[in-house]
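Heads up, the thing below is written out as structure tokens.
The values are calculated or read from the model by the stated rules, or taken from the named source; none is laboratory data. Owing to the predicted nature of the structure, the values given are computational and were not obtained by experimental measurement. Virtual Cβ from ideal backbone geometry, glycine too; neighbours counted across all protein chains shown.
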Amino acid sequence: MKEFCVIVMICLILLISSEILHTKYKPRKAHLDHVVLVVQNMDTVIKQFRDSGFCIESIGRTRDGITSMAMITFEDGTHLELISPNKPETIEKITTLRNNGELNDYKMKHNLDRNSERLYIDNFSSNDGLKDYAIRVKDVKTLVPLLDKVGLSYSDVKEMGYIKPNGKTVVWHVSTSKRRSMPQILSDHTPVSYRRGILSQHDNGVKGIKRVIVAVKNLNDTVERYKRLVGKRCIKPANYYVEGALTTDIIFKNTIITLAQPMLGGSDIDTYVKEYTEGPYMLELVTNNKKFRKILLTGSGTRVSLIN
């Protein structure tokens, strides 16, 4: 009888231990899904990108009708997502509220969640440019509670979607951090191929996103958060120079995130952080076109730099 009790106890311990290990978050190398570029005049920017050698597809409106979308799809599994407000007068109102220090009251009155706040208020209440970035996981609904256990606070998961011109409904789920230096996390409900564009061949030879430079206010704090998300092995000394900034690289499966904290007053990145806070500051794109050494997209505005 005593031996039987011991065996039962051992089985219970193993069962509990297995359950704990199963529900514990294990940092893993992230996969960049897309970077968001906010534009006020979609037609003008589409022409600008096409003139720079990109194939760009108009996606249509999101299901909530708030924004219109276009997409530049790359062979490496990433894409650049262009979003434009359908109601510019609403954005002007929000910008005025922010300038007058009344935006927080507006958020509380309309009971906006963190996803809506970041997607539709923070992203649109400043000028055109790079505003956000997202990683893709298998199941964000399962992941978010596990991240909370390691001190990474993400919002409740929200369903997003749009209807494509061919009538297909595209649905995904997304969660957002309060920290704009940290990526959104999404997973697809419909097949990922529904959400991505079909034109990934570009006249300028661009194959994908080589690097995302993310401006941060506190490099050490952001690195610590990334350690919890992707693990220490993915944190490397930066091999990329950002003028006036202290940098660290985060190695993703399909790109590199370079965190950059302004250290020199008056530098471009210092001005960017003061005006637009944290977030994507610049993209370096991969190209097989020998004519261009680098193709850069800068954070403030929609300027594409083709560097010989």
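Summary of values
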read-out: Set Ala30, Ala70: member being under 24 Å from Ile163 (Cα atoms), modelled with pLDDT of 80 or more and small (Gly, Ala, Ser); value: Ala70
read-out: All positions within segment 150-162 that are surrounded by 13 or more Cβ atoms within 10 Å (Cβ to Cβ), part of a loop (DSSP other than H, G, I, E, B) and touching a residue at least 60 places away in the same chain (Cβ under 8 Å); value: Val150, Leu152
read-out: Yes/no for Lys164 being closer than 30 Å to Arg50 by Cβ, touching a Gly at 6+ places or on another chain (Cβ under 9 Å) and not assigned by TED's automatic domain parsing to the domain that holds Val286; value: yes
read-out: Qualifying residues in segment 168-180 (those that are crowded, with 21+ Cβ neighbours inside 10 Å and more than 18 Å from Pro145 (Cβ to Cβ)) - the one modelled with the highest pLDDT; value: Trp172
read-out: Of residues in segment 42-61 being within 13 Å of Ile72 (Cβ to Cβ) and among the polar types (S, T, N, Q), the one surrounded by the most Cβ atoms within 10 Å (Cβ to Cβ); value: Ser52
read-out: Subset tally (residues that are within 14 Å of Ser181 (Cβ to Cβ) and polar (S, T, N, Q)) for segment 199-251; value: 5
read-out: Strands (runs of 3 or more DSSP E) within segment 176-279 that include 1 or more residues in contact (Cβ under 8 Å) with a residue 12 or more places away in the chain and of a type in the set (Asp, Glu); value: 184-188, 245-251
read-out: Only one of Leu297, Leu283 that is under 22 Å from Gly208 (Cβ atoms), modelled with pLDDT under 85 and part of a strand (DSSP E or B); value: Leu297
read-out: So Pro165, is it modelled with pLDDT of 90 or more, under 19 Å from Met71 (Cα atoms) and surrounded by fewer than 19 Cβ atoms within 10 Å (Cβ to Cβ); value: no
read-out: Subset tally (residues that are closer than 12 Å to Ala30 by Cβ and either in a loop (DSSP other than H, G, I, E, B) or touching a Leu at 6+ places or on another chain (Cβ under 7 Å) (or both)) for segment 139-149; value: 0
